[in-house]
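Undergrad: Okay, here's the structure, questions in a sec.
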Amino acid sequence: AAAQITALLRRADASGRYDAILLTRGGGSLEDLWAFNDEQLARAIAACATPVVSAVGHETDFSLSDFAADLRAPTPSVAAELLVPDRRDLGARLRHLQHRLAQRQAHVLNQAMQRADRAALRLQAGSPQARLALLRQRQQAALARLHACWQRQLQQRHARLAHGNAVLRATRPGRRLALLAERLSMLAPRTQAAMARQLQRDALRLRGIARSLEAVSPLATVARGYSILTRADDGALVRSTTQVQAGDTLHARVGDGTVDVQVIDPS
């Protein structure tokens, strides 16, 4: 059976007279349906140029021909329905497609009209008359803003001027100057008295410092009859006989001046 089915399938496909080939058998046992599990038959179905519909056995039965065919139907009657659809279904589908086509055409036409409207608006906006009208509108708007700004500035200046006049009237510089002069005349004696007291305190402090300096000053010691010896060559203070030698010249600072002396014996 498998070889005969394969041969007839190839013959029907080679004739080129059919829109589709229905490969079908009613229900039966596994042995009855085994011919549709043949490898050569499955390869022949896959190689067919004509669409093949496989409807072998009942809905629960499966065979290799079902997987190799272009379409599987659960039963032969369902396969016939699939191959020959109902005219009413086709009419409904056709009406649906016509409705979609009309909607698509309306959508495309609407888009084209919108593009045409936008192009017309761009052309109208780009015309010299439209540009001149737009420039006139902008000029008028700018003049209105300029006038409003000038009015605001004028009002602000008037307000500042009125405020300044009010401040001047309230402060009255002449009266303020008179008050300041009066305060200055009152403060001048106190300032002079404070300066005199400060000078007095400073003089007392200076006299105290002078007395302290005189108490520790070497000049006070010299005034009491002592002298200060320094070497004539380098001005170093002589505190010991070891700092001089016989023949050295020294300066002796006394109360009323300086005396040059010469060392005879430093012992």
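Undergrad: Restricting attention to the range 74-109, and to residues there that are within 21 Å of residue 41 (Cβ to Cβ) and in contact (Cβ under 8 Å) with a residue 40 or more places away in the chain, which single residue is surrounded by the most Cβ atoms within 10 Å (Cβ to Cβ)?
TA: Checking each candidate, the answer is 79.
Yes/no per residue for (1) among the hydrophobic types (A, V, I, L, M, F, W, C); (2) closer than 22 Å to residue 84 by Cβ; (3) open to solvent by 40 Å² or more (accessible area, probe 1.4 Å); (4) free of Cβ contacts under 8 Å to residues at least 24 places away in the same chain:
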{"position": "9", "(1), (2), (3), (4)": "yes, yes, no, no"}
{"position": "14", "(1), (2), (3), (4)": "yes, no, yes, yes"}
{"position": "21", "(1), (2), (3), (4)": "yes, yes, no, no"}
{"position": "35", "(1), (2), (3), (4)": "yes, no, no, no"}
{"position": "38", "(1), (2), (3), (4)": "no, no, yes, no"}
{"position": "46", "(1), (2), (3), (4)": "yes, no, yes, yes"}
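Undergrad: Report whether or not residue 55 is in a strand (DSSP E or B), open to solvent by less than 40 Å² (accessible area, probe 1.4 Å) and at pLDDT below 85.
TA: The answer is yes for residue 55.
Undergrad: Among the residues of the range 110-122, how many are over 23 Å from residue 134 (Cβ atoms) and open to solvent by less than 70 Å² (accessible area, probe 1.4 Å)?
TA: Residues that pass the stated criteria total 1.
Undergrad: Quick one: residue 132 ticks every box in (1) of a type in the set (A, V, I, L, M, F, W, C); (2) in a helix (DSSP H, G or I); (3) more than 45 Å from the chain's Cα centre (by Cα) except a single one, so which number is it?
TA: Result: residue 132 fails condition (3) only.
The values are calculated or read from the model by the stated rules, or taken from the named source; none is laboratory data. Note that the coordinates shown come from a computational prediction; the quantities given were computed from them, not determined experimentally. Heads up, the Cβs are rebuilt from the backbone with ideal geometry, glycines too, and the neighbour counts pull from every protein chain shown. Keep in mind that these areas ignore ligands, DNA and RNA; they rest on the heavy atoms of the full protein, side chains included. Shrake-Rupley method; radii C 1.70, N 1.55, O 1.52, S 1.80 Å.
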